[in-house]
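The values are calculated or read from the model by the stated rules, or taken from the named source; none is laboratory data. Because the structure is a prediction, the values reported are computed rather than measured. Please note: Cβ atoms are built from the backbone with ideal geometry, for glycine as well, and neighbour counts cover all protein chains shown.
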Amino acid sequence: MKRTAIVVSVVLAVGFLAANVVKSGTVTFEQLKQGKAIVEDTCIECHDLEWPMTKVADRAGWEETLTKMANTGAVLDPADRELVIEYMLAKSAFQTKCVLCHSLERPLEKNKQFQEWMVTVQRMSSKKARHLTDDDIKAIAGFLTAKGAWTRLY
Ligand code: HEC
Ligand code: HEC
């Protein structure tokens, strides 16, 4: 009985630690805002934001790019690197999923709160079956919230 209690509390502790690590799909818009701030602070030291912001890639692609950047001197601590990757993945989802029926300007010119973006993105999702997963919806709504009043990608 006692041993079971210890095992349960260890499992809970590990679960709690894991919950503090950003994972794809569980990312919040606050974390995407942090990722955006890190990109804007650290990715303009050697080039402007055009390369990072126009590139669309999956996780492996961003891992590869960030490793290449680290080798040129842009070393991020693991937590910041993960926030940057999540931000870049949300941005990439937005850039690929929201251009099928209209330009990106249509969402970019709007400034909404997270819950309002969730409603809009869910409404867009219902226009095309199986187009967006729940994780895509949350990430894209979070990316657009993090964008704030900006009407351009960068
Ligand atoms: C220490 C200098 C330096 C910093 C800081 C830096 N970069 Fe770069 N980056 C480069 C150089 C040099 C190139 C062009 C050569 C190349 O492609 O490897 C480049 C090219 C790129 C490219 C285009 C090539 C590709 O792999 O797609 C992307 C995207 C990019 N950087 C993203 C980023 C991001 C995101 C950050 C911030 C985390 C960043 N960079 C910070 C030096 C830097
Ligand atoms: C299957 C087609 C389709 C896709 C994909 C699509 N949209 Fe739309 N979107 C529309 C149409 C049609 C309208 C105009 C009518 C309306 O508002 O329902 C629109 C209008 C909008 C508007 C203006 C209206 C408002 O509520 O603010 C925004 C913002 C928007 N879309 C955002 C997005 C985003 C973000 C995505 C990607 C998740 C997206 N759209 C993907 C078809 C689409």
Problem set entry | Of residues in the range 100-121 being near ligand 2 (Cβ under 7 Å from one of its atoms) and not hydrophobic (A, V, I, L, M, F, W, C), the one farthest from Gly148 (Cα to Cα) | His102
Exercise. For Lys128, are the conditions met, namely being among the charged types (D, E, K, R), part of a loop (DSSP other than H, G, I, E, B) and more than 16 Å from ligand 1 (Cβ to nearest atom)?
Worked result: yes
Seminar exercise, completed: For the range 81-104 the number of residues that are in a helix (DSSP H, G or I), surrounded by fewer than 17 Cβ atoms within 10 Å (Cβ to Cβ) and not polar (S, T, N, Q) is 0
For this session: Starting from residues that are within 16 Å of ligand 1 (Cβ to nearest atom) and modelled with pLDDT of 95 or more, keep the ones in the range 131-154 and report whichever is farthest from Ser103 (Cα to Cα).
Result: Ala146
Seminar exercise, completed: Within the range 142-154, residues being touching a Lys or Arg at 6+ places or on another chain (Cβ under 9 Å) and either part of a helix (DSSP H, G or I) or not small (Gly, Ala, Ser) (or both) number 8
